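See structure below.
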Amino acid sequence: MMDDSDGETELLRTFSNGWGSGMEEPREVKPVQQISSGSQTGGAPSAASAIVDLALGKYTLGISEKDGPFALPKCGAPVIKMLRGGKDSLRAELAKDYRRTTGRVAPQQALTDALQVLEGEAQDLEPVELHMRVAAAQGYHWYDLGDQTGRAVRIGPDGWQVVDRPPVLFQRSALTAACPEPARGGTNADLFALTNAAESDKPLLIAAMVAAFWPSIAHPIVAFSGEQGTGKSTNAMRVTGIVDPSTVPLRKSPRDAESWITAAAGSWMVTVDNISTINEWFSDALCRASTGDGDVKRRLYSDAALSVFSFRRCVMLTGIDLGGLRGDLTERLLRIELDTIQAKDRRSEAQMAQEYAAAHPRTIGALLTLVAQVMAALPLVDLTETMRLADFHRILAAVDQVLGTDGCARYQAQHQSMAADSLTANPFTALMMEHATAFTGTAGQLLDLVQSRNLEHHRAPAGWPKSARAVTTLLRRDAPALRSGGWRVTSAENRLGVLTWSLQAPESAG
């Protein structure tokens, strides 16, 4: 469950041994090496050379396979700066240092050349892992406070405490906001009071918040639902502020896959607000983000170089109509129904913000305490059957043990209901379930059978498969939801290599 190394270089000098990356087997990780600036011979150094010397005198270089080269201060708080990026990157820092050292403004070309040299030096180093907000190392979970001190919270089965120099490196972005200092004395009542979620759904939401501290598992997609005026956006902002405070806690619905990558890459918890529909590409993207998304695109201003994006995220949605979603998305969805807010209980935005700010530190402390209790309870969890998100299901069971709730039963019932909704939303699947209750044959034969029952339409409705191959794709996608509803779905190749399907409805499956 942890990674160990014998860090002897300057980068690891003040760190405890080990770089953690979640629930994985031990492996050897080599430490980052220190780069020396060398010496200048003959004449005054160029501006670019002077900037390189400034950088190597103040920082130790490193590189991450996913995020690229970075610099770690040799003195002070262990807050890294990426070599690439905007105002928070190393470029602006070096321009400031050059001005203070020489009294002159650094030429832009010199900055560009210096950063190119530094990036080349970093490329020769052994890669290390950068974490965003949460990490796991040395048997503990670590929570980045996101401020300029570089401190993090160490969480273990015996409790939690704030430490000055965690044994992992955290990456920040323009979306990273500082977390208030966690306060002790918070209780589970503070967590239950965080939102106006239905009482039966609160254990699910709290378990999702706890699971966010496990960086290497698949996470459920939390979807707040409720009628107008139930505070979906407010609930989402509060949860985000506890788990992963952000300068932009709510994002608008992405217009395409590239804008989704940009939105999701910058924070650990991604909250998309006020969604009206989810098309196929976004449904796929959400599923991949839940379990570990990956994408590749051409790097800016380059015809050949590629940028690789690979990330797992905690995702929340608001404003969504939960009917008619694809089965693979509903399997990952955690629906949180919000209770109606009575007129007598409504308060102004200023009053709610003041109350939330006052409770914020102790609510974070209460969540950290619960994470520690769940870590202690997990070894005692014994589930006879697990849901699709098995790790989250175990964490939910541990939360039930600690809080005395029944979230697991609610989770299972919720998914059976959503699976049924996802099947009936597709016109082909709905007719198939009605007229192919005991079917054995090819996908083409199934298409002919269901098509012959499509008497209410002169032409195929939207979403209707146009070929046997499309029917096969549909069956493979919907098979888990069908089985969840009691159907028996199997497939096999016959002697001629033709794929045949067998469907049996619940009434005939026994």
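Can you find even one residue in the stretch 199-211 that is of a type in the set (A, V, I, L, M) and not in a helix (DSSP H, G or I)?
Filtering the stretch 199-211 down to residues of a type in the set (A, V, I, L, M) leaves 204-211.
Those left that are additionally not in a helix (DSSP H, G or I): none.
Checked the stretch 199-211: no residue is of a type in the set (A, V, I, L, M) and not in a helix (DSSP H, G or I).
For the stretch 490-501: of the residues being at pLDDT 90 or above and closer than 11 Å to THR442 by Cβ, which is surrounded by the most Cβ atoms within 10 Å (Cβ to Cβ)?
Within the stretch 490-501, the subset at pLDDT 90 or above is 490-492, 499-501.
Add one more test, that the residue is closer than 11 Å to THR442 by Cβ, and what stays is 491, 499-501.
On the way: SER491: 14, LEU499: 13, THR500: 16, TRP501: 21.
Checked the stretch 490-501; the qualifying residue surrounded by the most Cβ atoms within 10 Å (Cβ to Cβ) is TRP501.
Every residue, every condition in (1) within 25 Å of the chain's Cα centre (by Cα); (2) open to solvent by 30 Å² or more (accessible area, probe 1.4 Å); (3) not β-branched (Val, Ile, Thr), yes or no:
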{"site": "SER46", "(1), (2), (3)": "no, yes, yes"}
{"site": "LYS74", "(1), (2), (3)": "no, yes, yes"}
{"site": "VAL79", "(1), (2), (3)": "yes, no, no"}
{"site": "ASP88", "(1), (2), (3)": "yes, yes, yes"}
{"site": "LYS96", "(1), (2), (3)": "no, yes, yes"}
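Can you name the residue in the stretch 327-356 that is closer than 15 Å to LEU194 by Cβ and in contact (Cβ under 8 Å) with a residue 40 or more places away in the chain and is also most open to solvent (accessible area, probe 1.4 Å) among such residues?
Residue satisfying both the conditions and the ranking: ASP339.
If you check PRO166, PRO220, PRO203, PRO180, which single one turns out to be of a type outside the set (A, V, I, L, M) and touching a Gly at 6+ places or on another chain (Cβ under 6 Å)? Explain how you work it out, then say what you get.
Values: PRO166 fails: touching a Gly at 6+ places or on another chain (Cβ under 6 Å); PRO220 fails: touching a Gly at 6+ places or on another chain (Cβ under 6 Å); PRO180 fails: touching a Gly at 6+ places or on another chain (Cβ under 6 Å).
Answer to the check: PRO203.
Taking the condition of being at pLDDT 90 or above and within 15 Å of the chain's Cα centre (by Cα), how many residues in the stretch 248-267 meet it?
Within the stretch 248-267, residues that are at pLDDT 90 or above and within 15 Å of the chain's Cα centre (by Cα) number 4.
Could you count how many residues in the stretch 150-186 are closer than 25 Å to LYS66 by Cβ and assigned to a loop (DSSP other than H, G, I, E, B)?
Residues flagged as closer than 25 Å to LYS66 by Cβ and assigned to a loop (DSSP other than H, G, I, E, B) within the stretch 150-186 amount to 14.
From the list ASP113, ASP97, ASP67, exactly one residue is of a type outside the set (Val, Ile, Thr) and under 30 Å from LEU368 (Cβ atoms). Which is it?
On the way: ASP113 fails: under 30 Å from LEU368 (Cβ atoms); ASP97 fails: under 30 Å from LEU368 (Cβ atoms).
Going through ASP113, ASP97, ASP67 in turn, just one is of a type outside the set (Val, Ile, Thr) and under 30 Å from LEU368 (Cβ atoms): ASP67.
Counting just the residues of the stretch 152-182 that are charged (D, E, K, R) and free of Cβ contacts under 8 Å to residues at least 24 places away in the same chain, which one comes out surrounded by the most Cβ atoms within 10 Å (Cβ to Cβ)? I'd like the intermediate steps shown before the answer.
Narrowing the stretch 152-182 to residues charged (D, E, K, R): 154, 158, 164-165, 172, 181.
If we keep only those that are free of Cβ contacts under 8 Å to residues at least 24 places away in the same chain as well, we get 154, 164.
On the way: ARG154: 20, ASP164: 11.
The extreme case among them is ARG154.
Taking the stretch 220-240, which residues are touching a helix residue (DSSP H, G or I) at 6+ places or on another chain (Cβ under 7 Å) and open to solvent by less than 20 Å² (accessible area, probe 1.4 Å)?
Of everything in the stretch 220-240, those that are touching a helix residue (DSSP H, G or I) at 6+ places or on another chain (Cβ under 7 Å) and open to solvent by less than 20 Å² (accessible area, probe 1.4 Å) turn out to be PRO220, ILE221, VAL222, PHE224, VAL239.
So, in the stretch 183-219, of the ones that are among the aromatic types (Phe, Trp, Tyr) and at pLDDT 95 or above, which residue ends up surrounded by the fewest Cβ atoms within 10 Å (Cβ to Cβ)? Show your work before the answer.
Filtering the stretch 183-219 for residues among the aromatic types (Phe, Trp, Tyr) gives 192, 213-214.
Cutting the leftovers down to at pLDDT 95 or above gives us 213-214.
Working: PHE213: 26, TRP214: 22.
Only one residue tops the list, namely TRP214.
Note down all Cβ pairs under 7 Å where the first residue falls in the stretch 96-112 and is in contact (Cβ under 8 Å) with a residue 40 or more places away in the chain, the second is assigned to a helix (DSSP H, G or I) and loosely packed, with under 13 Cβ neighbours inside 10 Å, and they're at least six residues apart or on different chains.
Partner pairs satisfying both residue conditions: ALA106/ARG99.
Mind telling me which of the residues VAL270, VAL239, VAL315, VAL222 ends up being of a type in the set (A, V, I, L, M, F, W, C), at pLDDT 90 or above and assigned to a helix (DSSP H, G or I)? Steps first, please.
On the way: VAL270 fails: assigned to a helix (DSSP H, G or I); VAL315 fails: assigned to a helix (DSSP H, G or I); VAL222 fails: assigned to a helix (DSSP H, G or I).
Selected residue: VAL239, the only one of VAL270, VAL239, VAL315, VAL222 that is of a type in the set (A, V, I, L, M, F, W, C), at pLDDT 90 or above and assigned to a helix (DSSP H, G or I).
Looking for something surrounded by fewer than 20 Cβ atoms within 10 Å (Cβ to Cβ) and assigned to a loop (DSSP other than H, G, I, E, B) - is there at least one such residue anywhere in the stretch 363-380?
Within the stretch 363-380, not a single residue is surrounded by fewer than 20 Cβ atoms within 10 Å (Cβ to Cβ) and assigned to a loop (DSSP other than H, G, I, E, B).
Among THR277, THR195, which is more than 29 Å from ILE155 (Cα to Cα), hydroxyl-bearing (Ser, Thr, Tyr) and over 20 Å from the mean Cα position of the chain (by Cα)? Let's see the steps before the verdict.
Numbers: THR195 fails: more than 29 Å from ILE155 (Cα to Cα).
It is THR277.
Open to solvent by 50 Å² or more (accessible area, probe 1.4 Å), modelled with pLDDT under 80 and over 20 Å from SER417 (Cα atoms) - does that describe any residue in the stretch 471-482? Before you say what the answer is, go through the steps one by one.
Start the filter on the stretch 471-482 by keeping residues that are open to solvent by 50 Å² or more (accessible area, probe 1.4 Å), which leaves 473, 476-477.
Remaining after also requiring modelled with pLDDT under 80: none.
No.
Can you list the helices (runs of 4 or more DSSP H) found entirely within the stretch 415-493 that contain at least 1 residues being within 27 Å of LEU204 (Cβ to Cβ) and of a type in the set (Gly, Ala, Ser)?
On the way: elements: 427-435, 443-452, 468-484.
Because the criterion is at least 1 residues that are within 27 Å of LEU204 (Cβ to Cβ) and of a type in the set (Gly, Ala, Ser), the helices (runs of 4 or more DSSP H) in the stretch 415-493 that meet it are 468-484.
If you scan the stretch 404-414, which residues turn out to be in a helix (DSSP H, G or I) and in contact with a helix residue (DSSP H, G or I) (Cβ under 7 Å, 6 or more places away or on another chain)?
Residues of the stretch 404-414 that are in a helix (DSSP H, G or I), as a first pass: 407-414.
Answer for the stretch 404-414, where residues must be in a helix (DSSP H, G or I) and in contact with a helix residue (DSSP H, G or I) (Cβ under 7 Å, 6 or more places away or on another chain): GLY407, CYS408, ARG410, TYR411.
Does VAL239 meet the test of being within 24 Å of PHE392 (Cβ to Cβ) and touching a strand residue (DSSP E or B) at 6+ places or on another chain (Cβ under 6 Å)?
No; evaluated as a whole, the condition is false for this residue.
The values are calculated or read from the model by the stated rules, or taken from the named source; none is laboratory data. In this text the structure is predicted, and so the values were computed from the model without any measurement. With ideal geometry, Cβ positions are generated from the backbone for all residues, glycine too; neighbour counts draw on all protein chains shown. Quick note on the areas: whole protein, heavy atoms, side chains included, nothing else; ligands and nucleic acids left out. Shrake-Rupley method; radii C 1.70, N 1.55, O 1.52, S 1.80 Å.
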